[in-house]
Amino acid sequence: MNESIETMDRAPLYVERSSIPLRKLEYREVVDDVMLACVDGVGALTTQRLLQCFGSATAALNAKEAELREKARVKEKVARKICEARGSIDALAIVKFCEENDIQILTLADVRYPERLRELDNPPPLLYVRGRITAADRYAISIVGTRGVTNYGRTQATRIARELSEMGFTIVSGLALGVDGCAHRAALDAKGRTIGALGGGVARIYPREHEDLAARVVQSGALISEYHPLMEPLAGNFPARNRIVSGLSVGVLVIESKLKGGSMITARYAAEQNREVFAVPGPVDQETSRGCHALIREGAALVETAEDVLAALPPFAVPDGVRSRRLSDEPVAPGTLGITERSLDSIRRAPRGSSGARRKKTAEQSVPSLLAHASSPAVKERAPLPPLNDDERKIVEGVGDEPVMIDELIRTTGLPSSRVIALISALEFKKVLKRCEGASVALRDD
């Protein structure tokens, strides 16, 4: 690595983990995080439980077997392996191997760990990185699709990935044959950044046909994996890898996919993670069009060009230069010192009471009332709501039949603006909300 892990105390790295106070990342902690991740039977969810119960990998490794079973609900066999890890796993050798081969190890307590991944319910406990992840990668679009790509799919993936890269988006994919490879190459040819998430170790490039491509990715972006650097790519690793592909991005674009497969799994993860989902339509007589068409029917944004992706994204998910260009293209209302017609129109359309303040929604429009009074003649008949998490309920409770400005939802829910935008996209995908004129949303009535 450029910066030896042993010198981390010279440049303290901090992280805020919910109620856990900011703390310095020590060299020993990195070794113990690696050691815990190498214990057979300890995956992302088990690691998350252990960290919640014990506060750190070091404390979990030092815990007694009974404590592991009782506090973290770890199975007896796994608890025993955790207790034996210090004598059976040479994590220090792994850390030194990574240092010698310029492989970064990013734990959840590392400020360099990708912020969007940290937001997930089950983030990778640590990442091995060849290359570099930068602040620019916050604006990333994942492009996925079939390995058996057609000429049509190859053309669309190359064209759209190049256009998005030229806009300043980082292109994320899985380094697989087919659409993945087209997306990576297009980003590199456009002199842009690209990230490949692997289903094996970053020192075990798969497929072998992509060794040259992987070398280019490392030079202009990064290869990342949550697995031991020398781990062979196992079939069972790829579905978990897909949550990283979607989690790194602001949205996932599917280009050519059958109804079942890794691309559809990635799209499902994207919806669960409150990311945008996009799909490129294909020829109706092709099997590889069916997955994309199914996603579009379910609410994914139909994409023909990179501009379609841009139009569906909230301003917070767009690189600064593109955001400025998009705003500058909108017609400006005369006599307003640069306020756009769209922005003014959104205010004109907003329903207001006699005092000029927005009307408050009635009790009948809240989520509990919609559920309780769905059959009441006083309430418009609606389809049952799908399962919602707490934050999604906050959004729906703030929305009625009349459009509500997104800025108002941010204020009334108290949630971060980026979180509100992501939740709105997820609720659109679940067919609960619809976007209206201007920056407003309303409940769907179909």
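The values are calculated or read from the model by the stated rules, or taken from the named source; none is laboratory data. Please read all numbers here as calculations on a predicted model, not as lab measurements. Glycine gets a Cβ as well: all are built from the backbone with ideal geometry, and neighbour counts include every protein chain shown. Only protein heavy atoms, including side chains, enter the accessible area calculation; ligands, DNA and RNA are left aside. Shrake-Rupley method; radii C 1.70, N 1.55, O 1.52, S 1.80 Å.
In table form, for the structure just shown:
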item: Test: residue in the range 177-191 that is open to solvent by 10 Å² or more (accessible area, probe 1.4 Å), in a helix (DSSP H, G or I) and among the hydrophobic types (A, V, I, L, M, F, W, C); result: yes
item: Top-ranked residue in the range 366-395 [being surrounded by fewer than 12 Cβ atoms within 10 Å (Cβ to Cβ) and charged (D, E, K, R); ranked as modelled with the lowest pLDDT]; result: Glu381
item: Selection from the range 45-92 of residues that are part of a helix (DSSP H, G or I), open to solvent by 80 Å² or more (accessible area, probe 1.4 Å) and basic (Lys, Arg); result: Arg69, Lys71, Lys77, Arg80, Arg86
item: Single condition Thr158 does not satisfy, out of (1) of a type in the set (Val, Ile, Thr); (2) touching a residue at least 40 places away in the same chain (Cβ under 8 Å); (3) closer than 22 Å to Ala215 by Cα; result: (2)
item: Counted residues, the range 232-290 - those being in contact with a His (Cβ under 8 Å, 6 or more places away or on another chain) and part of a loop (DSSP other than H, G, I, E, B); result: 3
item: Flag for Ile296 being of a type in the set (A, V, I, L, M, F, W, C) and in contact with a strand residue (DSSP E or B) (Cβ under 8 Å, 6 or more places away or on another chain); result: yes
item: Members of the range 140-161 found to be open to solvent by 30 Å² or more (accessible area, probe 1.4 Å) and either among the hydroxyl-bearing types (Ser, Thr, Tyr) or more than 14 Å from Val303 (Cβ to Cβ) (or both), listed by number; result: Arg147, Gly148, Thr150, Asn151, Tyr152, Arg154, Thr155, Thr158
item: Residues that are open to solvent by less than 20 Å² (accessible area, probe 1.4 Å) and under 16 Å from Ile296 (Cβ atoms), drawn from the range 229-265; result: Gly251, Val252, Leu253, Val254, Ile255, Glu256, Ser257, Ser263
item: Test result for Glu304, modelled with pLDDT under 95 and either part of a helix (DSSP H, G or I) or touching a helix residue (DSSP H, G or I) at 6+ places or on another chain (Cβ under 8 Å) (or both); result: no
item: Pairs where the first residue, in the range 199-214, is farther than 20 Å from Glu100 by Cβ and the second is acidic (Asp, Glu) and crowded, with 17+ Cβ neighbours inside 10 Å, C-beta under 9 Å, 6+ apart; result: His210/Asp180
item: Options Gly398, Gly414; residue that is over 22 Å from the mean Cα position of the chain (by Cα) and either at pLDDT below 75 or open to solvent by 20 Å² or more (accessible area, probe 1.4 Å) (or both); result: Gly398
item: Subset of the range 111-135 that is more than 18 Å from Gly174 (Cα to Cα) and hydroxyl-bearing (Ser, Thr, Tyr) - its residue that is most open to solvent (accessible area, probe 1.4 Å); result: Thr134
item: Output for the range 217-228, where each listed residue is surrounded by 19 or more Cβ atoms within 10 Å (Cβ to Cβ) and in a loop (DSSP other than H, G, I, E, B); result: Glu226, Tyr227
item: Tally, over the range 417-446, of residues that are out of contact with any helix residue (DSSP H, G or I) (no Cβ under 7 Å at 6 or more places or on another chain), open to solvent by less than 70 Å² (accessible area, probe 1.4 Å) and in a loop (DSSP other than H, G, I, E, B); result: 1
